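Asker: My questions will all concern the structure given below.
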């Protein structure tokens, strides 16, 4: 499918979405931008570490709730839109549900297994027990444990380097909690950098498959789908882009100008704004990441 079609078909107002399952890599920013273009509303955002994806969607007014282990801007420390929503109610207040990375993975695994919760020894003695998530301490045969409620997203948008048309996806590098979320979610949109031929010679071998076709609803091939996050083997992290975003979004007017500049009518507009030279530099820095720009840029 095209990204426009996939988001239109599977994401409805009020949906709960999971993005950024591989943590700081393969964050599907192209899908984040498409959500803004289609003005999907009253969404619940779920993620372990999503860099500025959460901040973007809050600033655009699309989120009612956020379920995360961390949210902000890795390069800048905090997210200005998140802070405005919490401190000033701009554009509106957003409810946060605080997880650790581990308990979010457990919550997804519980949903995958079809059970209401899974027990853990972690979180005891921490303020996370006061989170709206509903972590509940209990005793089992004199052992103190914590119940982690199941989390079942309506839609998971998962990133991979390569996939075939049937929806078998291959991830190079860290997978994070991709397995847990793809098995827990009601729908899966698979975004890939490279679409493989559907033949025995080109399709991934069974032992290479990280995302099996049986859980996938849509396959969406997009070049630079995860920029400014990295995609191992294709391009590095655009650290400068995150830094520029942090500076430009300090004010509400600055964020609105950022949206006007970068979102456009399509992903092709976004790539055109980045420019061929910048994309080529990112490709050449795919192993170490782009740490700073030449002065000419």
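Asker: Could you please find all residues in segment 51-67 being surrounded by fewer than 21 Cβ atoms within 10 Å (Cβ to Cβ) and in contact with a strand residue (DSSP E or B) (Cβ under 7 Å, 6 or more places away or on another chain)?
Answerer: Of everything in segment 51-67, those that are surrounded by fewer than 21 Cβ atoms within 10 Å (Cβ to Cβ) and in contact with a strand residue (DSSP E or B) (Cβ under 7 Å, 6 or more places away or on another chain) turn out to be 64, 65.
Asker: Determine if segment 221-242 includes at least one residue that is out of contact with any strand residue (DSSP E or B) (no Cβ under 8 Å at 6 or more places or on another chain) and farther than 30 Å from residue 165 by Cα.
Answerer: The answer is yes; a qualifying residue exists.
Asker: Please return the ranges of strands (runs of 3 or more DSSP E) entirely within segment 129-191 where 2 or more residues are surrounded by 21 or more Cβ atoms within 10 Å (Cβ to Cβ).
Answerer: 143-149, 155-164
Asker: Can you name the condition, by its number, that residue 95 falls short on among (1) at pLDDT 95 or above; (2) buried (at least 19 other Cβ atoms within 10 Å of the Cβ); (3) touching a strand residue (DSSP E or B) at 6+ places or on another chain (Cβ under 6 Å)?
Answerer: (2)
Asker: Could you list, in sequence order, all residues of segment 261-297 that are at pLDDT 60 or above, assigned to a loop (DSSP other than H, G, I, E, B) and surrounded by fewer than 16 Cβ atoms within 10 Å (Cβ to Cβ)?
Answerer: 265, 275, listed by residue number.
Asker: What is the residue count in segment 112-128 for residues that are farther than 16 Å from residue 48 by Cα and part of a helix (DSSP H, G or I)?
Answerer: 3
Asker: Counting just the residues of segment 192-214 that are touching a strand residue (DSSP E or B) at 6+ places or on another chain (Cβ under 7 Å), surrounded by fewer than 23 Cβ atoms within 10 Å (Cβ to Cβ) and not in a loop (DSSP other than H, G, I, E, B), which one comes out modelled with the lowest pLDDT?
Answerer: 208
Asker: Would you pick out the residues in segment 230-246 that are out of contact with any helix residue (DSSP H, G or I) (no Cβ under 8 Å at 6 or more places or on another chain) and either at negative phi or in a helix (DSSP H, G or I) (or both)?
Answerer: Within segment 230-246, 230, 231, 232, 237, 239, 240, 241, 242, 243, 244 meet the criteria.
Asker: Can you find, within segment 112-142, the residue that is modelled with the lowest pLDDT among those that are touching a strand residue (DSSP E or B) at 6+ places or on another chain (Cβ under 9 Å) and closer than 17 Å to residue 180 by Cβ?
Answerer: Top of the filtered list is 122.
Asker: Residues in segment 215-235 that are free of Cβ contacts under 8 Å to residues at least 60 places away in the same chain, closer than 21 Å to residue 283 by Cα and surrounded by fewer than 22 Cβ atoms within 10 Å (Cβ to Cβ): how many?
Answerer: Here the count works out to 2.
The values are calculated or read from the model by the stated rules, or taken from the named source; none is laboratory data. In this text the structure is predicted, and so the values were computed from the model without any measurement. Cβ sites come from the backbone with ideal geometry, for glycine too, and all protein chains shown count toward neighbours.
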